[in-house]
Amino acid sequence: MSNVSHFTNGLVKSNPTFVLVLGTCPTLAVTTAAINGIGMGAATTFVLVCSNLLIAALKNVIPDKVRIAAFILIIASFVTVVDLVMKAYTPDLYNTLGIFIPLIVVNCIILGRAEAFAQKNSVFPAILDGLGMGIGFTLAITLLASVRELIGNGSIFNVKLVSDNISTFLLFILPPGAFITYGYLIAIMNRLRARYSN
Amino acid sequence: MDYLNIIILALLVNNVVLAQFLGICPFLGVSGKISTSLGMGGAVVFVMALANLVTYLVYNFILVPLGIEFMQTITFILIIAFLVQVVEIILKKSVPSLYQALGIYLPLITTNCAVLGIALLAIQKNYSLVQSVVYSSATAVGFTFALILMAGIREQLELLGTPKGMKGFPLSLIIAGLLSMAFMGFSGLVK
């Protein structure tokens, strides 16, 4: 595969959110407002790129038998970095995302890419793969969050798009709305992919 | 806060899967059959209670005195991975029948974000040791409860015709949404 396809793979063809359906916990939990999607996506992308880089660089040093433990340790270190940085510089976003920042550790996208890609490839493709997957994840959860924010609150990125006289459908901000919106978005994506792959 | 409150909150009002979105992967992946859901649920109850016990002790007696609370994510994930391994080895030697039943579910628990999430939440809520263990056990039972409900519905759905695009994940998610809506009815049960 060329470098370009390493990058684009995560955007559409193997989009972690809509095609692989990985990392569903943060996808459902933090998508109450579009801005949270960007924040969560950026944090995850950072961890994904850094851990892919380090794992690809260390792949000949890490013994095969303890590789999963080593991967988790590397990922957890970068998550701690993100956790402390966000706590210091973006306290509001940090409070909204709450427990889901430390839980990036157990986001299956990251461990999945370490196992499936980074440990078999050299550093540069691993970075591109991490970037592609991370941006694919960010775009997908921001789309999901925008739909929920628009229906539930009448706004996107806190910009009011619906007049105040129209009552919004609050359920979409609440937990059931997360499941239902995500379900329909996957169904729509399946339909689109089926149409354009022929 | 008394224990009954903690139990009702963890089990129904703030159900770990349907209200807090923790442990969605096994919820969608393993909930095909009632029997496998029970196996997974049993393993989670066991590991989650044990993990909360150990993380509480490690946090309060090692991390806090040393002033390195920021290391909690790394420490906790290592403890959970280690516990899962230990439980697996002990069960294999001493209770082979239970090991046979839980076998494949045990390794999966390391990446179940509910275990790490609940350990972190119990610390955040300043629970005592007993409260923390009660909270995690009730949460794990709530997880099993949601898993079994979902499995029961999905077993029935196998027999129905569904639109092609909705098969699999989309339909499961929408059912989960309806279940979650039903669980919202429990809010207000406890002050």
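Hey, got the average number of other protein chain Cβ atoms within 10 angstrom for residues in A:96-102? Working shown, then result.
On the way: counts 0, 0, 3, 9, 4, 2, 10.
Shielding by partners across A:96-102 averages 4.
Report the gain in length on full extension from A:D92 to A:K65: 0.36 nm times residue separation, minus Cα-Cα distance, nm rounded to one decimal.
Numbers: separation 27, 0.36 × 27 = 9.72 nm, distance 4.10 nm.
Here the segment from A:D92 to A:K65 would lengthen by 5.6 nm.
Quickly estimate the mean residue ellipticity at 222 nm for chain A, helices only: each DSSP H run with n ≥ 4 gives -39500 (n - 2.57), and the total goes over all residues, rounded to 500. Don't skip to the end; give the middle numbers.
On the way: 8 runs with 130 residues, N = 198.
Result for chain A: -22000 deg cm²/dmol, rounded to the nearest 500.
In degrees between 0 and 90, to the nearest 10, how far off the longest principal axis of chain B does helix B:169-184 point, with axes built from Cα atoms?
70 degrees
For a Förster distance of 22 Å, can you work out the FRET efficiency between the beta-carbons of A:V4 and A:E115, rounded to the nearest 0.05?
Values: r = 23 Å, r/R0 = 1.06.
With R0 = 22 Å, the Cβ-Cβ based efficiency is 0.40.
Roughly what percent of Cα-Cα pairs across the protein assembly as shown reach past 38 Å?
Details: 12435 of 75466 pairs.
Percent of Cα pairs beyond 38 Å in the protein assembly as shown: 16.
Summarise the accessible area of the protein assembly as shown (1.4 Å probe, protein heavy atoms) by the percent that is carbon and sulfur. Don't jump to the answer; show the numbers that get you there.
Values: 12020 of 17580 Å².
With neighbouring chains kept in place, the figure for the protein assembly as shown is 68 percent.
Apply the Karplus curve 6.51 cos²θ - 1.76 cosθ + 1.60, θ = phi - 60°, to the phi angles in segment B:16-28 and return the couplings in whole Hz, x for Gly and Pro.
4, 7, 7, 10, 9, 6, 10, x, 5, 4, x, 4, 7
For A:T32, what charge total do you get from the other residues with a beta carbon under 11 Å from its beta carbon, if Lys and Arg give +1 and Asp and Glu give -1?
On the way: positive: A:R148; negative: A:E149.
After counting each charged neighbour, the total is 0.
Does chain B classify as rounded, prolate or oblate by the C-alpha gyration tensor (a ≥ b ≥ c root eigenvalues; a/c under 1.5 gives rounded; else a/b over b/c gives prolate, otherwise oblate)?
On the way: a/c = 2.08, a/b = 1.40, b/c = 1.49.
Cα axes put chain B in the oblate bin.
Please list B:49-55, A:153-159, A:53-59, A:89-95 highest first by mean number of surrounding beta-carbon atoms within 10 Å per residue. Walk me through the numbers before you get to the answer.
Values: B:49-55: 21.7, A:153-159: 14.9, A:53-59: 18.9, A:89-95: 13.1.
The densest-packed peptide leads the list: B:49-55, A:53-59, A:153-159, A:89-95.
Apply the membrane-span-like helix rule to chain A: whole DSSP H runs, Cα extent along the own long axis of at least 24 Å, mean Kyte-Doolittle hydropathy at least -0.5. List the helices found. Kindly include the intermediate steps, with their values, before the conclusion.
Numbers: long enough: A:34-58 (36 Å, 1.72); A:67-89 (33 Å, 1.84); A:123-153 (43 Å, 1.33); A:175-197 (33 Å, 0.21).
Helices meeting the criterion: A:34-58, A:67-89, A:123-153, A:175-197.
How much length would be gained if the chain were fully extended between B:F61 and B:Q100, taking 0.36 nm per residue of separation minus their Cα-Cα distance, in nm to one decimal?
Working: separation 39, 0.36 × 39 = 14.04 nm, distance 3.56 nm.
Between B:F61 and B:Q100, full extension yields 10.5 nm more.
Let me confirm one metric for peptide A:182-195, namely the mean number of other chain beta-carbon atoms within 10 Å of its residues' beta-carbons.
On the way: counts 7, 10, 6, 2, 9, 11, 2, 2, 7, 5, 1, 1, 2, 0.
Mean shielding by partner chains, rounded to a whole number: 5.
Determine the per residue accessible area of chain B with all protein chains present and a 1.4 angstrom probe, expressed in square angstrom. Kindly include the intermediate steps, with their values, before the conclusion.
Numbers: 8760 Å² over 191 residues.
On a per-residue basis, 46 Å².
Taking H placed 1.01 Å from N in the peptide plane, check which residues at least 5 places from A:I156 or on another chain put their amide H under 5 Å from its amide H.
A:L161
Which number gives the lysine pairs in segment B:3-186 that have C-alpha atoms under 28 Å apart and are eight or more places apart or on different chains?
Working: B:K33/B:K92; B:K33/B:K93; B:K33/B:K164; B:K33/B:K167.
Counting lysine pairs in segment B:3-186 gives 4.
Take every Cα-Cα pair in segment A:1-147 and report what % of them are more than 25 Å apart.
On the way: 2562 of 10731 pairs.
The share of Cα pairs beyond 25 Å in segment A:1-147 comes to 24 percent.
May I ask you to compute the full-extension gain from A:V85 to A:R195, defined as 0.36 nm times their residue separation minus their alpha-carbon distance, rounded to one decimal in nm?
Details: separation 110, 0.36 × 110 = 39.60 nm, distance 4.31 nm.
So the chain would gain 35.3 nm between A:V85 and A:R195.
Taking each residue in B:174-182, count the Cβ atoms of any other chain within 10 Å of its Cβ, then average. What number comes out?
Details: counts 9, 3, 8, 13, 3, 3, 8, 7, 1.
Per residue, the average neighbour count from other chains is 6.
For the residue pair B:L159 and B:K125, what label-to-label distance in nm results when each label sits 7 Å from Cα along the Cα-to-beta-carbon direction?
Taking the two extended label points, one gets 3.9 nm.
Run the numbers on segment A:1-126 and let me know its relative contact order in percent, using alpha-carbon pairs under 8 Å that are six or more apart.
Working: 101 pairs, mean separation 45.0, N = 126.
Computed over segment A:1-126, the figure is 36 percent.
Count charges around A:N95 for me, please; just the other residues with Cβ under 15 Å from its Cβ, Lys/Arg as +1, Asp/Glu as -1.
Numbers: positive: A:K87; negative: A:D83, A:D92.
Neighbourhood net charge equals -1.
When the label point is put 7 Å from the Cα of B:L4 along its Cα-to-beta-carbon vector, which residues of segment B:171-191 have a backbone N closer than 14 Å?
Counting backbone N atoms under 14 Å from the label point, the list is B:189-191.
If r is the Cβ-Cβ distance from B:E69 to B:L178 and R0 is 41 Å, what FRET efficiency results, to the nearest 0.05?
Details: r = 40 Å, r/R0 = 0.97.
Taking R0 as 41 Å, the efficiency between B:E69 and B:L178 is 0.55.
How big is the gap, in Å, between the Cα center of segment B:110-143 and the Cα center of segment A:38-102?
22 Å
Report, in degrees rounded to the nearest 10, the 0 to 90 angle that the Cα long axis of helix B:129-157 makes with the longest principal axis of chain B.
Rounded to the nearest ten degrees, it is 10.
Helix B:113-124 versus the longest principal axis of chain B: what angle, 0 to 90°, nearest 10, using Cα atoms?
On a 0 to 90 degree scale, this one is about 40.
The values are calculated or read from the model by the stated rules, or taken from the named source; none is laboratory data. Just so it is clear, the model here is predicted, and its values are computed rather than measured. Here the Cβ is made from the backbone with ideal geometry for all residues, glycine too, and neighbour counts use every protein chain on show. What goes into the accessible areas is simple: the full protein's heavy atoms, side chains included, and nothing from ligands, DNA or RNA. Shrake-Rupley method; radii C 1.70, N 1.55, O 1.52, S 1.80 Å.
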